[in-house]
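Structure first, commentary second.
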Amino acid sequence: MTAQGGAGRDEPTPEAFRAATARGLQEQFPGVRVWFGEATGSWWALVPLRGGPRLVEAPSPQQLRDEIMRSRSLG
């Protein structure tokens, strides 16, 4: 199936999937900004910490989640 049409059974576009994934991570980690880097092909997050924000990168949303958790635990 393609992303075109209105049948409701269509797969989401890659852009829609990435946007939904980013929103989900941001809901899981309030205050963290998440995005997919089109130029890098990586997932990114800006994690606010006591000592200042930390920028983390990962190849997948699952790995980015792990990096966010690791960053927060280190504080």
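Below are the figures for this structure:
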| item | result |
| --- | --- |
| Pair Glu57, Ala20: separation of 7 Å Cα→Cβ label points (nm) | 2.8 nm |
| Only Lys, Arg (+1) and Asp, Glu (-1) charged, at Cβ; the chain dipole about Cα centre in debye | 380 debye |
| Region 14-74: relative contact order as a whole-number percent, Cα under 8 Å and 6+ apart | 22 percent |
| Read-out Kirkwood radius over Cα pairs in Å, derived from the coordinates shown; its label in (i) 13.4; (ii) 18.1; (iii) 16.7 | (i) |
| Summed side-chain charge close to Leu74 - residues other than Leu74 whose Cβ falls under 12 Å, Lys, Arg +1, Asp, Glu -1 | +3 |
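Values in this text are rule-based calculations from the coordinates and carry no lab data. Quick caveat: nothing in here was measured; it's all calculated off a predicted structure. Quick reminder, even Gly has a Cβ in these numbers, built from the backbone with ideal geometry, and neighbours come from all protein chains shown.
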